[in-house]
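The values are calculated or read from the model by the stated rules, or taken from the named source; none is laboratory data. Source: prediction; values computed, not measured. Ideal geometry is used to build each Cβ from the backbone, glycine not excepted, and the neighbour counts take in all protein chains shown. These area figures cover heavy atoms from the full protein model, side chains too; ligands, DNA and RNA do not enter into them. Shrake-Rupley method; radii C 1.70, N 1.55, O 1.52, S 1.80 Å.
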Amino acid sequence: MARPAGDFDARRYFRGDVRLRFHNVGTQAMRELAKRVHREHREQWSVADAVRFADLLIADPYLETKGVGIELLARFRRTCTPRLLPVWKRWLARNHSSNWATTDAISGYLIGPLILTDLRLAPRVGAWARHRNMWVRRAAAVSLIPSVRKGAALDVAYKVARALHADREDLIQKAVGWLLREAGKTDPARLERYLRQHGPSIPRTTVRYAIERMPDAKRKRLLVITHGR
């Protein structure tokens, strides 16, 4: 399934990660494989079987193999329960998802949809923002995005943002900016108040990501307010 050598090099999207390996299989091909596995086994497998399968694949060094496990398990999401949160957190904390793509897939396809089924889970996941592992911290932000897109869990989202402003990891600041941008789509006035209130304490990367979809004049004004230029 791999693309010819030199046709595509996924490594350019993952600077600095020397452990991650690539088959150079496109996203669509990976999803089709997960779909085929699901179609062949959905009548016999429970969600527990799918978790065991994904648990093997997520530990593989190849990005696409990890992705197949996540995509397959996501097809069982209707039967996923909060009991799986510790499993997904373990994947993150043990660096089985030590790249932004795998972390965001776990967050967006598994954790985020589960939070939407029970918003009481949002503070539990939001508390991960204090975790020592950066991928767990990134998941704390990205997992809330499906909820804030629907105008839910906004209080938790802003609390997570505040907790992560001091984080020195660039991938964390980009995730926080993404979270704030999505929160601003449902309540733009609240986002603007937040940026004005906390100003220079918010990293510039976060601000840029948070305001990139705003009108040009407003974006420039908020940059001046938050960082003086």
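Figure legend. Inter-residue proximity from region 148-159: first residues free of Cβ contacts under 8 Å to residues at least 40 places away in the same chain, second residues in a loop (DSSP other than H, G, I, E, B) and surrounded by 14 or more Cβ atoms within 10 Å (Cβ to Cβ), beta-carbon distance below 8 Å, spacing 6+ or different chains. Indicated pairs: G151/D187; A153/L144; L154/D187; V156/L144; A157/L144. Taken together, the residues in region 147-158 that are of a type outside the set (G, A, S), touching a Ser or Thr at 6+ places or on another chain (Cβ under 9 Å) and surrounded by fewer than 23 Cβ atoms within 10 Å (Cβ to Cβ) amount to 3. Selection of region 116-125 for residues being part of a helix (DSSP H, G or I) and surrounded by fewer than 23 Cβ atoms within 10 Å (Cβ to Cβ) yields L116, T117, L119, R120, L121, P123, R124. Just one of (1) part of a helix (DSSP H, G or I); (2) open to solvent by 50 Å² or more (accessible area, probe 1.4 Å) fails for A161. It is (2). Applying the criterion of at least 1 residues that are under 21 Å from A127 (Cβ atoms) to the helices (runs of 4 or more DSSP H) found wholly in region 164-229 leaves 170-186, 188-198, 204-211. R138 meets all of the listed conditions (1) over 15 Å from the mean Cα position of the chain (by Cα); (2) assigned to a helix (DSSP H, G or I); (3) within 21 Å of T206 (Cα to Cα); (4) not polar (S, T, N, Q) but one, namely (1).
Total residues in region 164-183 satisfying the condition of being open to solvent by less than 30 Å² (accessible area, probe 1.4 Å) and at pLDDT below 95: the figure is 0.
Going residue by residue through region 58-67, is there one that turns out to be among the hydrophobic types (A, V, I, L, M, F, W, C), closer than 15 Å to N99 by Cα, modelled with pLDDT of 95 or more and touching a helix residue (DSSP H, G or I) at 6+ places or on another chain (Cβ under 7 Å)? Taking every residue of region 58-67 in turn, at least one turns out to be among the hydrophobic types (A, V, I, L, M, F, W, C), closer than 15 Å to N99 by Cα, modelled with pLDDT of 95 or more and touching a helix residue (DSSP H, G or I) at 6+ places or on another chain (Cβ under 7 Å). Being on the phi > 0 side of the Ramachandran plot and at pLDDT 95 or above is true of A153.
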